[in-house]
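The structure appears below as structure tokens.
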Amino acid sequence: MRELFTIIFLLLILGLMICVNNATRSRKKISRPVGFLLASLIPPITGNLIIICSTDRLCSDIGRYIYFIGMDLVMFALIRFSGAYCNIPGKRVGLRHISYLLLIIDSIQLFCNIFFGHAFGSEQVEVEGAPYYTLVPYAGQTFHRIVDYSILAVIIIIFIIKMITSPRIYLERYAVILITMVICAAWQTLYIFSRSPIDRSMIGFGVFGLLIFYFSLYYRPLRLLDRMLANVASEMNEALFFFDANEKCIWANAPALAFAELTEEELDKVPDFVEWRFEDIKEIHSEEWSAPYEIGKGEQKKYYKLDKHTQRDDRGRVTGSFLRIRDNTEEQKKLQRELYYASHDILTGLYTREFLYEHIHQALVDNPDTDYYIVYVDVKNFKIVNDIFSTAFSDHALRRISKRIREYSTKNWIYGCLGDAAFGVCLPTNEFQDERLERNLSGFIVSDGNHEYHLLIHLGVYQVTDHSGDVSVMFDRAYVAVASISDEYGKHISYYDENLRSKLVWEQHISTQLSDAIANRHINPYLQPIVDGSGKPVGAEALVRWIHPEDGFLSPGSFIPVFEKNGMIVEVDRYMWRCACEILSRWKGELADLFISVNISPKDFYFMDVVSEITGLTEEYGIEPARLRIEITETAMMNEGEDRMKILNEFRKLGFIVEMDDFGSGYSSLNMLKDMPVDVLKIDMKFLSSSDNNDRAKKIVQSIIGLSGELGIESLTEGVETDIQYKSLYEMGCKLYQGYLFSKPVPVEDFEKYCLQKK
Ligand code: C2E
Ligand code: CA
Ligand code: CA
């Protein structure tokens with residue numbers, strides 16, 4: 001019997017030691033008091049073991065001291081553990097400190113038993129044929145028992161209170177420890193009263209220690225977890241249906257019941273509901289699936305994400321499943337809005353360029369047998385609209401154009417914004433009504449109630465040849481076509497062809513060379529004499545010439561329109577004006593009275609302050625303003641007439657002489673003339689000479705000269721080629737003449753020689 005107890009005690013000690021070791025490694029807060037409690041159990045159990053094994057009194061007594069004083073240590077550890085386990089704050093001096101004091105006193109008095117023998121003694125008895133020293137308790141031992149029992153009783157009461165006051169799901173946590181404590185106490189009591197010689201109650205304490213170890217550090221209250229998970233699940237926004245292995249619905253959270261419009265009593269209807277509601281989901285009968293689902297139409301449309309998960313046990317058998325339905329309508333709508341804004345121009349609501357290209361590409365690939373046009377819709381001079389009117393007006397204009405495109409379009413058209421006041425359209429060739437469009441475009445007026453503006457819209461058309469080609473390249477070609485339209489008020493539609501392409505290549509070629517050509521003086525002014533009624537040269541017009549090192553002599557007709565289109569004319573003119581000033585500053589003596597007329601392109605007014613540019617030059621070269629004449633064309637006066645007039649007036653105030661070039665070629669009427677702040681009217685014979693009716697031409701010229709005379713404007717006729725023309729113009733009252741009759745435009749030195757000869 002003793003051997004059996006020895007083995008049990010040894011196993012307990014070993015078990016406790018292992019647990020102490022584990023507890024010290026654990027990071028949980030409770031692990032320290034638990035470790036301490038388990039460690040404190042080892043001395044009394046060892047003491048108890050020594051008592052059982054001893055056959056002589058001394059050993060037995062030593063065991064008893066270790067046992068009893070060890071028990072005080074256990075009580076001390078138990079107080080600490082209970083405080084931590086039951087979350088009792090222990091800062092104040094109270095029951096806890098009284099207990100500690102009692103335990104210290106008890107330990108001291110037990111120790112003093114060595115001297116006084118007041119606590120206990122031992123009595124030899126025979127157990128299984130061997131001597132055994134059984135306890136003989138005295139007053140000190142009674143005190144010891146009262147202290148330990150009282151402390152244990154208080155702890156038991158604390159656990160009972162905790163059990164009653166905590167939520168029911170925590171009951172288990174306190175109950176197990178409470179019950180073991182009660183059993184240990186009962187066992188001890190049983191020993192005291194049973195008068196059995198061998199005390200084995202420490203077995204109970206050992207087991208108690210192991211249980212505490214398990215419950216405080218490893219036990220996870222599954223019921224508690226279950227409850228908590230169920231709470232979490234019912235509070236989730238997602239609808240959850242739980243099914244058992246037979247697909248019977250066993251639980252559904254509140255959102256799920258609301259979604260199915262069922263009550264908790266109607267859970268058995270859930271499988272039918274799911275099948276009916278989501279009948280078009282293919283995967284519905286498989287074990288694991290996930291699918292999006294939409295309900296309703298238009299604004300009311302709802303988007304759901306469904307997930308079905310099946311639970312399996314260790315052996316792979318289905319134990320149940322759950323269906324999760326997430327309402328992601330908000331997310332979807334946000335996504336759609338983002339997608340819309342990414343793919344649509346906010347102002348017009350049309351596709352953005354990237355999206356347009358993508359759609360066109362798809363349409364071309366999908367319809368290889370249909371012939372398509374790619375159309376580049378260009379709003380000319382839109383920057384001006386922006387400048388003259390408000391941004392609101394230009395926005396309105398763009399919306400009007402997009403509305404018009406929408407109205408025109410059929411379902412076969414794909415259209416969108418290309419940016420910078422340009423639109424792109426792809427349409428079947430047979431739906432492109434050239435004449436109708438031409439008519440419509442010529443009268444495209446935008447009005448916002450306050451302002452009215454005639455928008456100039458040009459279309460560049462490219463016929464698709466390769467349906468799988470790069471759409472951006474197709475639009476580049478359509479753009480080439482649109483950019484080729486130079487006669488601004490004539491035709492509005494231009495088709496891309498190979499000539500256009502090579503023309504564009506050439507245009508790019510000369511554009512990149514312009515700066516170098518100016519720097520290397522390949523570009524130079526030629527001068528064409530202007531003479532008076534007696535044939536005496538009074539001045540000259542500076543006309544640009546480009547002597548190209550590879551392409552030879554380039555006439556301005558080949559490159560001036562290119563630079564007018566791309567704005568590089570500004571560079572040419574600025575350079576020509578400087579040349580003119582430089583020549584004038586050089587002219588001395590007989591040449592000192594001559595003037596030079598320079599051309600000003602309408603574009604110059606957009607890109608620079610023409611007045612300060614030119615006065616800057618005349619000041620730099622010290623030239624009298626009257627010697628540098630300003631030639632401006634009617635077209636420059638067409639738009640922003642008032643602003644231009646102001647500029648011309650400024651020139652005149654500064655002493656420059658302003659000439660109206662190419663009068664009669666544009667749209668200006670004689671009526672307009674009276675408001676024009678010009679000094680000289682240049683009438684071009686070319687416009688008239690082509691006319692069959694020479695008499696009529698003559699009459700027109702005559703009336704222009706007459707009228708300008710009355711208005712105090714001097715007249716200059718250019719393109720004078722014959723003596724007859726010269727004479728009749730003279731008779732009509734024309735004052736100045738320019739033309740091949742006198743001289744072609746010539747290099748400056750030739751002009752100088754010519755003048756010196758004529759003087
Ligand atoms: P424009 O200003 O009307 O210049 C007169 C044009 O008529 C010149 O052509 C001149 O050579 C030509 N011409 C002169 N007399 C006769 C004649 O008796 N018969 C005929 N058939 N033609 C005559 P050019 O030099 O080829 O210049 C063409 C146009 O290029 C100019 O017309 C002007 O608009 C523009 N241009 C020339 N140089 C410049 C310049 O430096 N700056 C700007 N912005 N434009 C320029
Ligand atoms: Ca001119
Ligand atoms: Ca002219």
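The values are calculated or read from the model by the stated rules, or taken from the named source; none is laboratory data. Since the model is a prediction, treat every value here as computed from it, not as a measurement. Please note: Cβ atoms are built from the backbone with ideal geometry, for glycine as well, and neighbour counts cover all protein chains shown.
One table, with the values for the structure above:
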quantity: Residue match in region 447-458 (condition: within 30 Å of Tyr341 (Cα to Cα), of a type in the set (Val, Ile, Thr), part of a loop (DSSP other than H, G, I, E, B) and not assigned by TED's automatic domain parsing to the domain that holds Phe559); calculated: no
quantity: Tally of residues being within 16 Å of ligand 1 (Cβ to nearest atom) and either in contact with a Leu (Cβ under 7 Å, 6 or more places away or on another chain) or at pLDDT below 95 (or both) across region 615-639; calculated: 8
quantity: Within region 147-174, tally of residues that are closer than 17 Å to Phe208 by Cα and either in contact with an Asp or Glu (Cβ under 8 Å, 6 or more places away or on another chain) or not hydrophobic (A, V, I, L, M, F, W, C) (or both); calculated: 5
quantity: The listed residue being modelled with pLDDT of 95 or more and either over 29 Å from Tyr376 (Cβ atoms) or not aliphatic (A, V, I, L, M) (or both), out of Pro549, Pro556, Pro529; calculated: Pro529
quantity: Tally, over region 245-262, of residues that are touching a helix residue (DSSP H, G or I) at 6+ places or on another chain (Cβ under 8 Å), without any contact (Cβ under 8 Å) to a residue 24 or more places away in the chain and either surrounded by fewer than 14 Cβ atoms within 10 Å (Cβ to Cβ) or among the aromatic types (Phe, Trp, Tyr) (or both); calculated: 2
quantity: Subset tally (residues that are surrounded by 16 or more Cβ atoms within 10 Å (Cβ to Cβ) and at pLDDT 90 or above) for region 134-148; calculated: 7
quantity: Boolean, Gly733 is away from ligand 2 (no atom under 16 Å from the Cβ), small (Gly, Ala, Ser) and either surrounded by 13 or more Cβ atoms within 10 Å (Cβ to Cβ) or without any contact (Cβ under 8 Å) to a residue 24 or more places away in the chain (or both); calculated: yes
quantity: Filter result (touching a Gly at 6+ places or on another chain (Cβ under 8 Å), at pLDDT below 95 and not in a loop (DSSP other than H, G, I, E, B)) within region 731-745; calculated: Met732
quantity: Residue, nearest to Val127 (Cα to Cα), within region 1-48, restricted to residues that are surrounded by fewer than 21 Cβ atoms within 10 Å (Cβ to Cβ) and touching a Cys at 6+ places or on another chain (Cβ under 8 Å); calculated: Arg2
quantity: Residue, surrounded by the most Cβ atoms within 10 Å (Cβ to Cβ), within region 57-90, restricted to residues that are among the small types (Gly, Ala, Ser) and over 20 Å from Met202 (Cβ atoms); calculated: Ala84
quantity: Qualifying residue in region 328-350 (condition: on the phi < 0 side of the Ramachandran plot, outside any strand (DSSP E or B), touching a Leu at 6+ places or on another chain (Cβ under 9 Å) and hydrophobic (A, V, I, L, M, F, W, C)); calculated: yes
quantity: Residue list for region 598-617, restricted to those being assigned to a helix (DSSP H, G or I) and either within 16 Å of ligand 2 (Cβ to nearest atom) or within 46 Å of the chain's Cα centre (by Cα) (or both); calculated: Pro602, Lys603, Asp604, Phe605, Tyr606, Phe607, Val610, Ser612, Glu613, Ile614
quantity: Qualifying position, being touching a residue at least 24 places away in the same chain (Cβ under 8 Å) and part of a loop (DSSP other than H, G, I, E, B), among Ser486, Ser494, Ser511, Ser515; calculated: Ser486
quantity: Residue under evaluation Tyr575, criteria (1) within 8 Å of ligand 1 (Cβ to nearest atom); (2) at pLDDT 95 or above, criterion not met; calculated: (1)
quantity: From Leu654, Leu594, residue being surrounded by 17 or more Cβ atoms within 10 Å (Cβ to Cβ), more than 21 Å from Ile485 (Cβ to Cβ) and more than 14 Å from ligand 1 (Cβ to nearest atom); calculated: Leu594
quantity: Scan of region 425-443 for residues that are free of Cβ contacts under 8 Å to residues at least 40 places away in the same chain and surrounded by 14 or more Cβ atoms within 10 Å (Cβ to Cβ), ordered by number; calculated: Asn440
quantity: Flag for Ser54 being surrounded by 14 or more Cβ atoms within 10 Å (Cβ to Cβ), within 30 Å of Gly117 (Cβ to Cβ) and at pLDDT 95 or above; calculated: no
quantity: Top-ranked residue of region 399-446 - restricted to ones that are assigned to a helix (DSSP H, G or I) and among the small types (Gly, Ala, Ser), ranked as farthest from Gln362 (Cα to Cα); calculated: Ser442
quantity: Unmet requirement for Val464, which otherwise passes all of (1) buried (at least 17 other Cβ atoms within 10 Å of the Cβ); (2) within 16 Å of Val379 (Cβ to Cβ); calculated: (2)
quantity: Lys536 vs. criteria more than 16 Å from ligand 2 (Cβ to nearest atom), in the same structural domain as Glu731 (by TED's automatic domain parsing), under 28 Å from Thr512 (Cβ atoms) and in contact (Cβ under 8 Å) with a residue 40 or more places away in the chain; calculated: no
quantity: Out of Glu564, Glu620, sole residue that is of a type in the set (Asp, Glu) and either surrounded by 21 or more Cβ atoms within 10 Å (Cβ to Cβ) or farther than 27 Å from Lys383 by Cβ (or both); calculated: Glu620
quantity: Some residue of region 505-525 being within 16 Å of ligand 2 (Cβ to nearest atom) and not small (Gly, Ala, Ser); calculated: yes
quantity: Qualifying residue in region 148-156 (condition: more than 19 Å from Asn48 (Cβ to Cβ), in contact with a helix residue (DSSP H, G or I) (Cβ under 6 Å, 6 or more places away or on another chain), touching a residue at least 40 places away in the same chain (Cβ under 8 Å) and not aliphatic (A, V, I, L, M)); calculated: no
quantity: Filter result for Lys565 (closer than 24 Å to Tyr740 by Cβ, away from ligand 3 (no atom under 16 Å from the Cβ) and touching a residue at least 60 places away in the same chain (Cβ under 8 Å)); calculated: no
quantity: Among the candidates Leu347, Leu335, residue that is of a type in the set (A, V, I, L, M), under 30 Å from Glu431 (Cβ atoms) and surrounded by 12 or more Cβ atoms within 10 Å (Cβ to Cβ); calculated: Leu347
quantity: Count - residues of region 380-420 that are modelled with pLDDT under 90 and under 24 Å from Tyr495 (Cα atoms); calculated: 6
quantity: Test: residue in region 553-560 that is surrounded by fewer than 18 Cβ atoms within 10 Å (Cβ to Cβ) and away from ligand 2 (no atom under 16 Å from the Cβ); calculated: yes
